[in-house]
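Here's the structure we're looking at; comments come further down.
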Amino acid sequence: MKKIILKCKLNNLDRFENQLSDIDLDFGAIYWQHDRVYVPRGYKRGQNLPRLIMRTEIHAVDESPKYSLILRRHIEDSGVDIVEDTPIKDYASAVNIILQLGFKLAGEVSRRRQDLQTGEGTTIHLDQIESPDGTSTAYAKIESVLSPEDSITEAKADLLKTFKTLGESNIIDSAYFEV
């Protein structure tokens, strides 16, 4: 699946949420995600190499966690992300396979997340990224699934316009584990 993904470090989380709420757009319930990001040996930004992400997701304390393996490849010259998400039953075995394929752990990201569907194929994620020192930083992330006839340039411009309309301009180009 091809996506355009833009992230923005929020200046004021409450103001951002209130602006969307004022136009009758409300985020869903908070859930927790933890990602372990694996990259090929010799990985460098800008080489269009894939990242593998082992994700643990918990929606309620009385439910079992969900595990998934996400293949993400960012195509630098186009700004498009290729993303494939596969449910995993045996987390430890999947990690073992990743390591045997020559990938190495590059970082970990824990977050509290809320989602907002704004249209067909477009989601705004409100992420509170937890740092090792116990503080958290708020980000908004817009993901838009591209159809074959969509213009990448226009789709990206629309996402930038959305952030600008909401008074946000601190666009982040790197992955959360790199911030």
## Note on the structure
Reported set for the stretch 94-123 where residues are touching a residue at least 12 places away in the same chain (Cβ under 8 Å) and within 30 Å of ASP24 (Cα to Cα) is SER110, ARG111, ARG112, ARG113, GLN114, ASP115, LEU116, THR118, GLY121, THR122, THR123
### Task
State yes or no: is LYS44 surrounded by 12 or more Cβ atoms within 10 Å (Cβ to Cβ) and either without any contact (Cβ under 8 Å) to a residue 60 or more places away in the chain or closer than 16 Å to LYS164 by Cα (or both)?
no
#### Entry: Positions within the stretch 112-128 being closer than 16 Å to SER174 by Cα and modelled with pLDDT under 95, in sequence order
none
### Task
Kindly list the number of the only condition in (1) in contact with a helix residue (DSSP H, G or I) (Cβ under 8 Å, 6 or more places away or on another chain); (2) surrounded by fewer than 17 Cβ atoms within 10 Å (Cβ to Cβ); (3) hydroxyl-bearing (Ser, Thr, Tyr) that fails for TYR31.
(1)
### Query
Which one of LEU166, LEU146, LEU159, LEU101 is surrounded by fewer than 16 Cβ atoms within 10 Å (Cβ to Cβ) and out of contact with any His (no Cβ under 9 Å at 6 or more places or on another chain)?
LEU101
### Message
Any residue in the stretch 73-93 that is farther than 13 Å from ILE5 by Cβ sitting within a Cβ distance under 9 Å of a residue that is among the aromatic types (Phe, Trp, Tyr)? List the pairs, counting only those 6 or more apart or interchain.
### Response
PRO87/TYR67; ILE88/TYR67; LYS89/TYR67; ASP90/TYR67; TYR91/TYR67
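The values are calculated or read from the model by the stated rules, or taken from the named source; none is laboratory data. Quick caveat: nothing in here was measured; it's all calculated off a predicted structure. No Cβ is skipped: glycine too gets one built from the backbone with ideal geometry, and neighbour counts run over all protein chains shown.
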